[in-house]
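Written below as structure tokens is the structure these notes are about.
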Amino acid sequence: MRYDTIWLDARLATLDPARPGLGVIEHGAVAVADGRIAFAGPIADLPSGWDARERITLDGRWITPGLIDCHTHIVHGGDRAAEFEMRLAGKSYEEIARAGGGILSTVRATRNASEDQLVASALARLDRLLAEGVTTIEVKSGYGLNADSETKMLRAARRLGRERNVGVATTFLGAHALPPDTGRAAYIDAVCAMIPALKAEGLADAVDAFGETIAFSPEEVAKVFTAARAAGLPVKLHADQLSNQHGAALAARFDALSADHLEYTDDDGAAAMAGAGTVAVLLPGAYYVLRETKLPPIDALRRHKVPIALATDCNPGTAPVTSLLMIMNMAATLFRLTIDEIVAGVTREAARALRHADIGTLEAGKQCDLAIWDIERPAELVYRIGFNPLYARVRRGATD
Ligand code: DI6
Ligand code: FE
């Protein structure tokens with residue numbers, strides 16, 4: 001067997017679901033051929049007579065699957081530093097939103113930005129993620145709130161994947177907020193009408209909505225989800241972030257890929273998600289920024305065996321976060337997730353939240369996306385704050 005590249009003398013966290021925990025392999029190797037993993041296992045199990053164009057010895061460094069940030073709003077205009085100051089002075093997120101700030105202030109900045117400007121500002125943020133070993137991101141629209149601006153955002157998102165060696169999954173979040181210029185029913189109809197065109201242009205891989213008292217009701221979300229499923233697109237939901245709208249169960253009813261946030265989800269919601277195979281995407285960055293005190297129902301998610309993923313939620317309002325490693329630390333410190341849950345949450349389970357079967361584990365046949373770390377044990381990825389131990393990032397077999 002002739003490989004393109006082989007990484008030798010590594011410790012692997014394969015995340016192979018057939019193995020317990022992180023699927024650790026000591027004295028391991030990973031080999032790539034044509035951008036796919038041709039071998040991932042103990043060096044002793046390499047086929048006899050193997051050969052490789054390039055051999056890299058890692059001196060015991062760790063290899064994990066490339067990290068996946070499965071919930072971002074990384075494409076957006078402007079920032080909300082002024083509102084951050086208002087919150088410091090005592091105003092709440094909902095108060096600011098109801099007064100026309102919040103999401104709507106980012107809508108104004110996004111509508112005013114050109115596609116090139118959106119790409120440029122997103123790249124600055126994306127590069128911080130890539131520097132931490134991220135090889136795939138999900139990117140939502142939702143700050144355009146009309147057909148032209150939503151399309152512009154999704155085009156900008158797709159361009160990120162051409163400007164950098166990163167996988168991009170796009171999500172249409174037209175139902176993020178009610179635009180100032182449209183009535184509720186008319187806007188929901190408009191969102192539903194945008195879905196087939198975005199799908200036909202290849203601009204949306206999924207459809208998301210914000211189900212919340214300050215955003216859209218369960219009935220409105222159901223309308224959008226019905227249109228998405230009719231167009232052949234899977235759905236996801238910003239569910240139960242600020243109050244229990246029974247969003248988790250609603251998402252499950254539509255076979256959602258994921259229900260995200262979930263601070264106010266109850267036991268029934270977790271059970272419904274388990275039944276549908278809907279992934280729980282926890283976003284401790286937004287929890288932290290909003291100084292939320294209601295924890296997502298982590299024990300119920302565990303009890304019902306709901307897969308748990310983690311993401312930055314990178315957005316200008318509630319999560320101005322461009323570090324997935326920081327999120328991993330928050331997941332431990334704020335949510336008390338285990339190291340195994342956290343590492344799985346940014347690899348295998350994040351891939352599941354995107355229903356992307358080709359990434360997220362180190363298994364023969366998968367896309368060769370790797371993060372190589374200068375660490376002695378996986379807990380080091382989680383326990384340090386503001387320290388990046390990435391040694392190398394590999395996507396489709398190519399090192400940066
Ligand atoms: N929930 C969030 O945390 C973000 N969107 C959402 O539906 C917040 C977006 C923003 O404040 O700009
Ligand atoms: Fe979000």
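Nothing in this text is a laboratory measurement; each read-out follows from the coordinates by a stated rule. Since the structure is predicted, the reported quantities are computational estimates derived from the model, not experimental observations. We place every Cβ from the backbone using ideal geometry, glycine too, and count neighbours over all the protein chains shown.
Results, tabulated for the structure shown:
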| read-out | value |
| --- | --- |
| Difference of contour (0.36 nm per residue) and Cα-Cα distance, Asp45 to Asp148 | 31.7 nm |
| Contour excess over end-to-end distance, with Cα ends at Arg302 and Thr182 and 0.36 nm allotted per residue | 39.1 nm |
| Label point distance in nm, Thr333-Ala197, each placed 7 Å from Cα along Cα→Cβ | 4.6 |
| Listed residues Ala99, Ala379, Ala38, most fluctuating in the chain (Gaussian network, C-alpha, under 10 Å) | Ala99 |
| Whole-Hz ³J(HN,Hα) from phi, Karplus 6.51 cos²θ - 1.76 cosθ + 1.60, for region 232-239, glycine and proline x | x, 9, x, 10, 9, 9, 6, 10 |
| Two-site label geometry, His27 and Asp266: point separation in nm, points 7 Å out along Cα→Cβ | 5.5 |
| Most fluctuating residue given options Ala82, Ala113, Ala350, as computed from a GNM of the chain linking Cα atoms under 10 Å | Ala82 |
| Cα gyration tensor category, rounded, prolate or oblate, for region 225-377 with a/c compared to 1.5 | oblate |
| For Trp62, residues with placed amide H under 5 Å, excluding near neighbours | Arg11, Trp373, Ile375 |
| Separation between Cα centres of region 289-340 and region 243-283, rounded to whole Å | 15 |
| The chain, relative contact order [Cα under 8 Å, separation at least 6], % | 19 |
| For the chain, share of DSSP beta bridges that run antiparallel, in % to the nearest 5 | 40 |
| Mean-position separation - Cα centroids, region 180-225 and region 126-176, in angstrom | 18 |
| Cut-off under 5 Å, modelled amide H: who pairs with Val24 long-range | Thr14 |
| Most fluctuating residue given options Leu354, Leu337, Leu67, as computed from a GNM of the chain linking Cα atoms under 10 Å | Leu337 |
| Amide hydrogen neighbours beyond the local backbone of Leu173, cut-off 5 Å, H modeled | Ser141, Gly142, Asp208 |
| Computed [θ] at 222 nm, helices only, for the chain once each DSSP H run of length n ≥ 4 contributes -39500 (n - 2.57) | -10500 deg cm²/dmol |
| Distance in nm between pseudo-label sites at Glu115 and Arg396 (7 Å out along the Cβ direction from Cα) | 2.1 |
| In Hz, Karplus ³J(HN,Hα) per residue of region 336-344 (6.51, -1.76, 1.60; θ = phi - 60°; x = Gly, Pro) | 6, 6, 7, 4, 4, 4, 5, 5, 5 |
| Full-stretch length increase - Phe387, Phe84 - with 0.36 nm per residue and alpha-carbon distance subtracted | 106.6 nm |
| Rounded to whole Hz, the Karplus (6.51, -1.76, 1.60) HN-Hα couplings of region 107-118, x for glycine and proline | 4, 4, 5, 6, 4, 7, 8, 7, 4, 4, 5, 5 |
